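K.L.:
My questions all concern the structure below.
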Amino acid sequence: MSTQAEITTAPGWTGAEQVEVLTFELNGELFALHAVGVQEIMDLAPETVVPGAGAFAGAVINFRGKVIPLSDLRVAFGLERGAATIDSRIVVIEIELAGEPTLVGLRTDKVHEVTTLARADSEAPPSVGMRWRPEFIQCLVKRGGEFIVVPDLQAIFNQQQDARQPVASATRH
Amino acid sequence: MSDEAIAVFQVEARENLELIEQGLLDLLDRPEDRDLVDAVFRGLHTLKGSGSMFGFDALAGFTHHCETAFDRVRKGEVAATTDLVSAVLAARDHMRRLMEDPTGDHGAAGDVLLADLERAVREADGNAPVAAAPVQTAWRIRFDLPSHAFKNGTNPLALLAELRDLGEARVVADVSRVPPLSQIEPTDHYLAWDVTLATDQGRGAIEDVFIFVMDEMNLSIEPLDASNADAVVADQTGPAEVVAEVSSILPQTAAPAQVAAPVQSSAPTAPDAAEAGVAKTAKPSESVRVPADRLDELMDRVGELVIAQSRLSQIANSGVDTALRAVSEEIERLSGELRDTMMVLRMVPVATLFGRFRRLVHDLARETGKVIELSTDGETTEIDKTVIERLADPLVHLIRNAADHGLETAEDRAAAGKPATGRIRLSAHQSGGEVVITIRDDGRGIDRDRVRAKAEAQGLIEPGAALSDHDLLQMIFHPGFSTAAAVTNLSGRGVGMDVVKRTIEALRGSIDIASRPGEGSEVSLRIPLTLAIIDGLLVRVGQGRYVIPLGAVEECLELSLDEDLRSRGRSFISLRNSLVPYLRLREMFETGTPPELHQKVVVVSTGTERIGLVVDQIIGDHQTVIKSMSKLHSGLPTFSGATILGDGGVALILDVGHLVAKGQQQEAQMREAI
């Protein structure tokens, strides 16, 4: 998929040596999202389970009168899914799905801050020695003594969609 | 040039091309109609002008040639023959291509079309209406222009110069409407003119001078002879509103030149000069172009408002504050009205849809060599815009079918004692919350024997199986079913009746077919008025709430404990002596909750099948504003959408058709297991 390769390298970083991100926590790991795509950070809302939708996007919520899917990056990264805490938030982002801009809610355990990451501190995900799928990670950014993971949302969502297609056609007949 | 401006140009050009097409098609029926010829010419001229303004040079160049050719029709030098009009129609299609894809290489195709057009003009040259010998006639022309004429770029001096070109003209300006200097708006137009013109040209030539401003002005043209030197005769050939406006101001003024701002017919007295100066030109119905997605946004906002309002009324009703309750009720009423108004905004008349098919039928007639007449009925019936758009393809297919398979050739029709012209009738009317669209032809009807033979050959039915006529006709909706012995260029290309049926069902509509051998067929489509809202039955399954479209619900009953236990092995309940299979939604949705003590069965129907859905609780009716599911969930056919409930929660809307299909699938698996 050539388009995907483009996406992995493109957003946020092109031309800019610094990029604004929103950092958040998932199961103790620190993640960052490009701040431009973030629409809103909201408290947990009543969720409606979508039967048969799978764990990655297993529910929908009401976001300002729109019904948007609620997805769980922990599923994509194989992280353990803990119970919601008082710090749990939903980060609503806009992402392109099958050519359509779509609002999606992401579960997070805790939202930290909007901050600036420098390209110089980033490195490509190592191909060995990591328990996560490297194609889902845009880059790792070193800050202080820790690494911030910048996930490649486009790749994750594309994969989820592709993975689900055959299932969908099987249930249809 | 900004992309936005180009997009606006394209939208307008598309409309203009549509009008040109309509005009040309009308011209086929009424080749003598001067108004039509003028309208088409005006359309071509505008397209050329705006095309070159927005940098669509290929379009402007091509259109220029067509305009030049058509100008000869307009001048009465050649007749609007069928061939000529068809050639212009083909050229119009090319203009559309040039407009949509200005960078593409269309040069060669354009040259072929222009050559065709030229040939058609040359052939038509022979039967031109004989032009009357030029006679010098004196005309009296009176006209005024709306006060905003300058803002529209109208130059009255140019109009007068054009009149002078026609012959000797004496121009008198009427300044009676000019207000005192202190009240003059420098950008407004206040003058009217009275022109006496001696020319050898006809009335048409004079009207042409005003061709671009005619709709907005008062114009009277009369031959000047002794008897009616003072009386003003309304110009009968002009547009209707000009006639109306002129005649409405006649009795009040005796001044030589008629001066008035166009007034609505209800105005009791002639406006005096001051009033006329400030009066805006009021058009009967003004319209504003709004992008559809803004409407959708507004609809979302209204949806949110309705939800917020129902939360408010919950709070208000739980307290004792009567003032709060009164306000809450007021807001409830207002938001309800707002929602209804919103719904109406999205409605468009089916005329926009039907209009496209005239061209289709024209092309079909040429391709098949049949004589086909399309008549339409109920064009003012309104449907939601999104529905209209999705109806276009199925209707195209049905009309192709009617023209290609349904109607016979002229010879066959004559042999069967029918008039040579085959008729296709397209009609629409509203019935309750649905719009019924029917396509009827007076062709040969559906050949039952061929349908049966084909169905047997495909193994859809047992050879010799007894089938009701209705069921037999339903066979044509099966995928891959086509009775046409030979697949022609027209029908039998990819989309079949099964696709039509699926599209209609996706719109929550239904399709039915009736046919009489030798007399023709009729396909009726029943489409809900809007996709945005449905009546639903709100139910609870485990923790989740779901909406079942009320149209599919037949009845609700309790699943007694006995029945529940007894039916472990076979999921059937007996309902008035017939066995109805049922699905436990709790199991299907894997809620992981224990069943409610008093479960309910909602019996739903898809028209042919009935199936019970076991739910934990029936909550009640719910006016459901449908929200589509995101692409992440588009692969789940059991849910056709979602809706937001009064408490802000989300309920999924069940797609009954797919649920039933799934139920049958489970049933089949059960049988195999035994």
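The values are calculated or read from the model by the stated rules, or taken from the named source; none is laboratory data. Keep in mind that what you see is a predicted model, and the values were worked out from it rather than measured. Reconstructed Cβ throughout: ideal geometry from the backbone, glycine too, with neighbour counts over all protein chains shown.
K.L.:
So, in the stretch A:88-105, how many residues would count as being free of Cβ contacts under 8 Å to residues at least 40 places away in the same chain and surrounded by 14 or more Cβ atoms within 10 Å (Cβ to Cβ)? Give the derivation first.
P.N.:
First, pick out the residues of the stretch A:88-105 that are free of Cβ contacts under 8 Å to residues at least 40 places away in the same chain: A:99-102.
Filter once more, so that each one left must be surrounded by 14 or more Cβ atoms within 10 Å (Cβ to Cβ): A:102.
Here the count works out to 1.
K.L.:
Looking at A:G105, is it closer than 30 Å to B:D300 by Cα and more than 14 Å from the chain's Cα centre (by Cα)?
P.N.:
On the way: closer than 30 Å to B:D300 by Cα: yes; more than 14 Å from the chain's Cα centre (by Cα): no.
Criteria not met by A:G105.
K.L.:
Have a look at B:R502, B:R440, B:R444, B:R508 and point out the one that is under 30 Å from the mean Cα position of the chain (by Cα) and modelled with pLDDT under 80. If you could, list the steps in order and put the result at the bottom.
P.N.:
Details: B:R502 fails: modelled with pLDDT under 80; B:R440 fails: modelled with pLDDT under 80; B:R444 fails: modelled with pLDDT under 80.
The conditions single out B:R508.
K.L.:
Name the single residue that is nearest to the chain's Cα centre (by Cα) among those in the stretch B:177-205 being in a strand (DSSP E or B) and crowded, with 17+ Cβ neighbours inside 10 Å. I'd like the intermediate steps shown before the answer.
P.N.:
Pass one, the stretch B:177-205, residues in a strand (DSSP E or B): B:192-199.
If we keep only those that are crowded, with 17+ Cβ neighbours inside 10 Å too, we end up with B:192-195, B:197, B:199.
Values: B:A192: 40, B:W193: 42, B:D194: 43, B:V195: 44, B:L197: 45, B:T199: 45 Å.
Step by step, filter the stretch B:177-205, then rank; the result is B:A192.
K.L.:
What is the one condition in (1) surrounded by fewer than 21 Cβ atoms within 10 Å (Cβ to Cβ); (2) not in a strand (DSSP E or B) that B:T438 does not satisfy?
P.N.:
(2)
K.L.:
While we're on this one: So which residues in the stretch B:141-159 are under 15 Å from B:I211 (Cβ atoms), surrounded by fewer than 18 Cβ atoms within 10 Å (Cβ to Cβ) and among the hydrophobic types (A, V, I, L, M, F, W, C)?
P.N.:
Matches in the stretch B:141-159: B:A158 only.
K.L.:
Tell me, please, whether a residue that is at pLDDT 85 or above, surrounded by 19 or more Cβ atoms within 10 Å (Cβ to Cβ), in contact with a helix residue (DSSP H, G or I) (Cβ under 6 Å, 6 or more places away or on another chain) and among the hydrophobic types (A, V, I, L, M, F, W, C) can be found in the stretch B:376-383.
P.N.:
Looking through the stretch B:376-383, none of the residues is at pLDDT 85 or above, surrounded by 19 or more Cβ atoms within 10 Å (Cβ to Cβ), in contact with a helix residue (DSSP H, G or I) (Cβ under 6 Å, 6 or more places away or on another chain) and among the hydrophobic types (A, V, I, L, M, F, W, C).
K.L.:
Still on this structure, please answer the following. List the helices (runs of 4 or more DSSP H) that sit entirely inside the stretch B:72-176 and contain at least 3 residues that are under 16 Å from B:V40 (Cα atoms).
P.N.:
Values: elements: B:82-100, B:107-125, B:156-166.
Passing ranges, in order: B:82-100.
K.L.:
For residues that are part of a strand (DSSP E or B) and surrounded by 19 or more Cβ atoms within 10 Å (Cβ to Cβ), tally how many sit in the stretch B:509-521. Can you show your working first?
P.N.:
Step one: list which residues in the stretch B:509-521 are part of a strand (DSSP E or B), which gives B:510-516, B:520-521.
Now restrict to residues that are surrounded by 19 or more Cβ atoms within 10 Å (Cβ to Cβ): B:511, B:515, B:520-521.
Qualifying residue count for the region: 4.
K.L.:
Looking only at helices (runs of 4 or more DSSP H) that fall completely inside the stretch B:251-364, which ones have 2 or more residues that are at pLDDT 80 or above?
P.N.:
Values: elements: B:273-278, B:292-318, B:322-345.
Of the helices (runs of 4 or more DSSP H) lying wholly inside the stretch B:251-364, those with at least 2 residues that are at pLDDT 80 or above span B:292-318, B:322-345.
K.L.:
Name every residue in the stretch B:455-483 that is over 30 Å from B:T421 (Cα atoms) and either in a helix (DSSP H, G or I) or within 31 Å of the chain's Cα centre (by Cα) (or both), in order of residue number. Before you say what the answer is, go through the steps one by one.
P.N.:
The first filter runs over the stretch B:455-483 and keeps only residues over 30 Å from B:T421 (Cα atoms), leaving B:455-468, B:471, B:478-480.
The answer is B:A455, B:E456, B:A457, B:D471, B:H478, B:P479, B:G480.
K.L.:
Within the stretch B:284-313, which residues are more than 14 Å from chain A (Cβ to nearest Cβ) and either β-branched (V, I, T) or under 18 Å from the mean Cα position of the chain (by Cα) (or both)?
P.N.:
As a first pass, look at the stretch B:284-313 and keep what is more than 14 Å from chain A (Cβ to nearest Cβ): B:284-292, B:294-295, B:312-313.
Once the filter is applied, which keeps residues that are more than 14 Å from chain A (Cβ to nearest Cβ) and either β-branched (V, I, T) or under 18 Å from the mean Cα position of the chain (by Cα) (or both), the stretch B:284-313 yields B:S287, B:V288, B:R289, B:V290, B:P291, B:A292, B:L295.
K.L.:
Give the residue, chosen from A:G82, A:G12, A:G58, that is modelled with pLDDT under 85 and either of a type in the set (F, W, Y) or buried (at least 17 other Cβ atoms within 10 Å of the Cβ) (or both). Lay out the reasoning, then the answer.
P.N.:
Details: A:G82 fails: either of a type in the set (F, W, Y) or buried (at least 17 other Cβ atoms within 10 Å of the Cβ) (or both); A:G58 fails: modelled with pLDDT under 85.
The match here is A:G12.
K.L.:
Which of the numbered conditions does B:I513 fail, given that it passes all the others? Conditions: (1) in contact with a Ser or Thr (Cβ under 9 Å, 6 or more places away or on another chain); (2) within 30 Å of B:D404 (Cα to Cα); (3) within 14 Å of chain A (Cβ to nearest Cβ).
P.N.:
(3) is the only condition that B:I513 fails.
K.L.:
Out of all the residues in the stretch B:531-555, which are more than 28 Å from the chain's Cα centre (by Cα) and within 14 Å of another protein chain (Cβ to nearest Cβ)?
P.N.:
The answer is B:L538, B:V539, B:R540, B:V541, B:G542, B:Q543, B:G544, B:R545, B:Y546, B:V547.
K.L.:
Regarding the stretch B:590-609, can at least one residue be identified that is basic (K, R) and buried (at least 19 other Cβ atoms within 10 Å of the Cβ)? Even if it seems obvious, please write down each step before you answer.
P.N.:
Applying the first criterion (basic (K, R)) to the stretch B:590-609 yields B:600.
Remaining after also requiring buried (at least 19 other Cβ atoms within 10 Å of the Cβ): none.
Looking for residues that are basic (K, R) and buried (at least 19 other Cβ atoms within 10 Å of the Cβ), one finds none in the stretch B:590-609, hence no.
K.L.:
Can you tell me how many residues in the stretch A:135-170 are at pLDDT below 80 and surrounded by fewer than 16 Cβ atoms within 10 Å (Cβ to Cβ)?
P.N.:
Number of matching residues: 8.
K.L.:
So how many residues does the stretch A:65-79 have that are surrounded by fewer than 21 Cβ atoms within 10 Å (Cβ to Cβ), more than 11 Å from the chain's Cα centre (by Cα) and without any contact (Cβ under 8 Å) to a residue 24 or more places away in the chain?
P.N.:
Qualifying residue count, the stretch A:65-79: 1.
K.L.:
Suppose we filter the stretch B:94-108 for residues that are under 30 Å from the mean Cα position of the chain (by Cα) and over 14 Å from B:A60 (Cα atoms); how many remain?
P.N.:
Going through the stretch B:94-108, the residues under 30 Å from the mean Cα position of the chain (by Cα) turn out to be B:94-104, B:106.
Still in the running and over 14 Å from B:A60 (Cα atoms): B:104.
Adding up the residues that qualify gives 1.
K.L.:
Would you point out which residue out of B:V601, B:V614, B:V625, B:V656 is under 23 Å from B:I511 (Cα atoms), modelled with pLDDT of 75 or more and more than 8 Å from chain A (Cβ to nearest Cβ)?
P.N.:
On the way: B:V601 fails: under 23 Å from B:I511 (Cα atoms); B:V614 fails: under 23 Å from B:I511 (Cα atoms); B:V625 fails: under 23 Å from B:I511 (Cα atoms).
From the options B:V601, B:V614, B:V625, B:V656, the qualifying one is B:V656.
K.L.:
Right, something else. In the stretch B:407-422, which residue that is more than 14 Å from B:G369 (Cα to Cα) and in contact (Cβ under 8 Å) with a residue 12 or more places away in the chain is surrounded by the most Cβ atoms within 10 Å (Cβ to Cβ)?
P.N.:
Filtering the stretch B:407-422 for residues more than 14 Å from B:G369 (Cα to Cα) gives B:414-419.
Those left that are additionally in contact (Cβ under 8 Å) with a residue 12 or more places away in the chain: B:416, B:418.
Values: B:A416: 12, B:K418: 20.
Going through the qualifying residues, I end up with B:K418.
K.L.:
Regarding B:F54, is this residue modelled with pLDDT under 85, surrounded by 15 or more Cβ atoms within 10 Å (Cβ to Cβ) and under 25 Å from B:L360 (Cβ atoms)?
P.N.:
Details: modelled with pLDDT under 85: yes; surrounded by 15 or more Cβ atoms within 10 Å (Cβ to Cβ): yes; under 25 Å from B:L360 (Cβ atoms): no.
Judged against the criteria, B:F54 is not a match.
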